[in-house]
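Please read the structure below before turning to the comments.
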Amino acid sequence: MKQKQNLTESNKTENCEMTKDQMIELMEKINRGCKDNLESRRSALNTLVGAFPVGGKVFAVVALDELHIDESYQRTLQNHVKIIARDWNPTKCDPLKINFRANGFFYVWDGQHRLEAARLRGIKYLLCDIVVGLTQEQEASLFGCQGIGIKKPNPYDIFKANVCAGEEIDSSIKSMCDKYDLVVDKNNKRAGNLSCLTLARKIFRKGIQDREYFDWVLELLHKAKWNEFPQSHCHRVVNSLYEIRRISKDLSEYTQGKLVAYLKKITPDDLLINATISYPQFKDESKKLKLFLLDIINGDNDPVRAVVGNIDKFIA
């Protein structure tokens, strides 16, 4: 069994490392004597003859009508196909990986979502990386291991790239963080670090007003000197303060002053402990913090406290 597996792996590797001339020779051998799918076989051979070798691979521009999908091992098409189609960028579209099978057709073993997105865009041709003569089992094996050894960029890697490229939202987040001496990193143990990038992006996409709310939150934490603590700008803290600012309306200056005075006396860990003691019934840490901090705001005998309290009861 092991010997058969090693032979299959060897054949798969050999097929993927053929020169263009070797591919043409193999395709002609496969087609010799076949009387089925003659038009497809002729078209595939013409495509391969017109292909160009680069770095040990063979590329060709192939009509999408000639490409097939084997649903026995391919994933069901996901909704993000529409997003790929909407944001289509030819420079970001890697070549599809296709195989010429013995039945005379090209099959896509890597790139079916790009293929479908291109069809939605009305695109007729795509660049493809061609191999010849793989079996269905060999295609499936390649499909199953295509992600091995590849580390996908995390949101913070993408953030750095977006800032370098001048992307509007991430560049704006970076500018606002620079304003308050913050870095943007996934390391929660680092002081002065905004570790809620996904939340920040969501807020910034909402519009100018919400960006101002976010600025209010960073200003508050800066005034409270929380840049000195780890996990001071994590999701639960930033989201709870953002929600409080969103409902404070004309009381934002008063609200910020109350919270700065309180936060100066404690650490992020202490805040979470106090909120958990006050609201143990909630698992959502952001909600715990929001409700607890609203109690802090309403703790003074100031007439405006009833206004903030009523708003909170409405949204709680």
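Quick notes on this structure:
- Percent breakdown of C-alpha pair distances by 5 Å bin, ordered from the shortest bin, for the stretch 155-315: 1, 9, 19, 22, 21, 14, 8, 4, 1, 0, 0
- Computed over Cα pairs, the Kirkwood radius of the stretch 2-144 leads via Stokes-Einstein (0.890 mPa s, 25 °C) to a diffusion coefficient of 155 µm² per second.
- The stretch 234-275 versus the stretch 84-158: alpha-carbon centroid distance in Å: 48
- Per-bin percent of Cα-Cα distances, the chain [10 Å]: 5, 20, 21, 14, 13, 13, 10, 4, 1, 0
- Residues of the chain were split at every exposed loop site, defined as GluC sites (Glu not before Pro) in a DSSP loop with at most 16 other C-beta atoms within 10 angstrom, and the longest piece left, sites excluded, is 168-316.
- Karplus-derived 3J(HN,Hα) values for the stretch 201-214, using 6.51 cos²θ - 1.76 cosθ + 1.60 with θ = phi - 60°, are 4, 4, 5, 5, 6, 6, x, 4, 4, 5, 5, 5, 4, 5 Hz; glycine and proline are entered as x.
- Across the stretch 43-52, coupling constants 3J(HN,Hα) worked out from phi with the 6.51/-1.76/1.60 Karplus curve, θ = phi - 60°, read 5, 5, 5, 4, 4, 5, 4, x, 6, 10 Hz, and Gly and Pro carry x.
- The stretch between Asp295 and Ser172, if pulled fully straight at 0.36 nm per residue, gains 41.0 nm over its current Cα-Cα span.
Values in this text are rule-based calculations from the coordinates and carry no lab data. Predicted, not measured: the structure shown is a model, and the values here were computed from it. Because the Cβ atoms are built from the backbone with ideal geometry, glycine has one as well, and the counts that use them run over all protein chains shown.
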